[in-house]
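Structure first, commentary second.
The values are calculated or read from the model by the stated rules, or taken from the named source; none is laboratory data. In this text the structure is predicted, and so the values were computed from the model without any measurement. Ideal geometry is used to build each Cβ from the backbone, glycine not excepted, and the neighbour counts take in all protein chains shown.
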Amino acid sequence: MKKFVFYLSVLTYFLLFLMHSLQAQNPLILDQFTADPSARVFEGKVYVYPLHDIRIDTGRFATWFCMEDYHVFSSENLTQWKDHGVIVSQNDVQWVDPQTYSMWAPDCIYRNGKYYFYFPAITKDKTDGRRMSVGVAISDKPYGPFIPESKPIEGISGIDPNPFIDTDGQAYIYWAGNKRIFMAKLNDNMLELASEPQEIANLPEKFKEGPYLFERKGKYYLTFPFVPDSTEQIVYAMGYNPMGPFTYTGVIMDESPVGCWTNHQSIIEYKGQWYLFYHHNDLSPDFDKNRSIRADSLFFNEDGTIQKVIPTWRGVGLTSARDTVQIDRYSEISNEGVSVEFLDTLNKQKGWKTRLNGKGAWIQYNSINFGNKDLNSILIKAKSLSGSIVEIRLDQLNGPMLARLDIGKSKEWEVVNSALLDIPEGIHNLVFLLNGTNTIDIDWIKFE
């Protein structure tokens, strides 16, 4: 009996680990709504601290943002993300009004063996009106447990805190409020301001929020969302000191093509590549208050300015050929005959499917790691009402044929297995080409 209980405990732990090890391209997280991602590199991994959108269908929250807690996610390969669970909740912070659901954009930084998690929320004390303050929770590990301080930081009234430590050890904090961005120095304890707050000058006059500052080659980049018309761009200003002056420089990402009102960014370097983390309403196209975090590669010009980032479905990171490859997160598609649709319109978090319709339709998925020539078959989950043939080619549209799969007539999803015509190794792109005029729906593929 004891052995049975032991093995059951091990199995339960393993299943829980699988449940909290998430695989994704863009968006990065599928099982919950996330937004305003603050990415950091800690202990050789990327940790992302987003806010957590939830849905309440009654009262004022039915049409507005609603956030009650924070999760943290980590990854070594930017493809598989582990959810470490809730690290701070509005119900567990002494000074927060737990009825306000206003746990806005957070951030985290490491100093002297401790991790300091900064978060905004509305206080219980309303003597000076609806007061938004910034609190701090502290942990020995980047994933918690985090212990909140009993009081918020004195002198900050606003949202979207962003801590920064300069090369000389001086710490700073930036935040937003009343369409403006502010900054101040932090004391060494990271819990108190060491200077009076001051507004950052020479920025665009319209609505702006979400500051995130980073340094590269002696230049300081102040990035922030900005509303030039009706939705937010991600823009930046540059300077040579953490306190400025900053010169407005340009756009990092254009407004949402489908009208998602908000965006929010962080920028990190990891293993020699720079990345932009941001969000969109991928899993909630009809309600842009439920958002999902994304990541794409970011590049600089020779003069240090930032090249505009074009959002992609494919995102970043290598995908293992042994995992289920979601080709709907494509890199390129043909001009005609390809569409991406939700698997279940009533449960969008199940993800998407790819439809190839008409001869010559194709879709390409980049950066799949096949390893060391030890995979010899492919599985594809697909369906076709009239039957179809799909060719899988290596690296490009006219590249070597890797497999040719005959998908039989079926209204239901089926998994078809086929031997590979060539045994690849290393990293390759894949092109899926419809051979014929019929229609095929593809959920995922994987290799064995």
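Brief remarks on what is shown
- Filter result (of a type in the set (Phe, Trp, Tyr) and within 23 Å of the chain's Cα centre (by Cα)) within segment 92-123: Tyr101, Trp104, Tyr110, Tyr115, Tyr116, Phe117, Tyr118, Phe119
- Within segment 344-361, residues that are of a type in the set (Gly, Ala, Ser) sit with their Cβ atoms under 6 Å from residues that are surrounded by 15 or more Cβ atoms within 10 Å (Cβ to Cβ) and not in a loop (DSSP other than H, G, I, E, B), at 6+ positions apart or across chains, in these pairs: Ala361/Val338; Ala361/Leu434.
- Test for Asn372: is it under 15 Å from Glu448 (Cβ atoms), part of a strand (DSSP E or B), of a type in the set (S, T, N, Q) and modelled with pLDDT under 95: no
- Pick from segment 239-264, criterion surrounded by 20 or more Cβ atoms within 10 Å (Cβ to Cβ) and in contact (Cβ under 8 Å) with a residue 60 or more places away in the chain, ranking: farthest from Pro163 (Cα to Cα): Thr262
- Of everything in segment 206-229 that is outside any loop (DSSP other than H, G, I, E, B) and among the basic types (Lys, Arg), the residue that is nearest to His264 (Cα to Cα) is Lys208.
- The set of residues in segment 411-440 that are in contact with a Ser or Thr (Cβ under 7 Å, 6 or more places away or on another chain) and either more than 20 Å from Asp374 (Cα to Cα) or part of a loop (DSSP other than H, G, I, E, B) (or both) comprises Leu420, Leu434, Gly436, Asn438, Thr439, Ile440.
- Residues that are under 15 Å from Phe117 (Cβ atoms), out of contact with any helix residue (DSSP H, G or I) (no Cβ under 7 Å at 6 or more places or on another chain) and outside any loop (DSSP other than H, G, I, E, B) within segment 76-96 comprise His84, Gly85, Val86, Ile87, Val88, Ser89, Gln90, Asp92, listed in sequence order.
- Candidate set from segment 124-155 (those that are at pLDDT 95 or above, assigned to a strand (DSSP E or B) and under 26 Å from Pro225 (Cβ atoms)); member that is farthest from the chain's Cα centre (by Cα): Ser133
- Count of segment 288-309 residues which are part of a loop (DSSP other than H, G, I, E, B) and free of Cβ contacts under 8 Å to residues at least 40 places away in the same chain: 6
- Among the candidates Gly317, Gly259, the residue that is under 16 Å from the mean Cα position of the chain (by Cα), in a loop (DSSP other than H, G, I, E, B) and modelled with pLDDT under 95 is uniquely Gly317.
- Within segment 140-168, the set of residues being surrounded by 19 or more Cβ atoms within 10 Å (Cβ to Cβ) and either without any contact (Cβ under 8 Å) to a residue 12 or more places away in the chain or more than 19 Å from Pro37 (Cα to Cα) (or both) comprises Pro148, Pro152, Ile153, Ile156, Ser157.
- Pairs, first farther than 16 Å from Asp107 by Cβ in segment 169-188, second of a type in the set (D, E, K, R), C-beta under 8 Å, six or more apart: Gln170/Lys185; Lys179/Lys206; Lys179/Lys208; Lys179/Glu209; Arg180/Glu199; Arg180/Lys208
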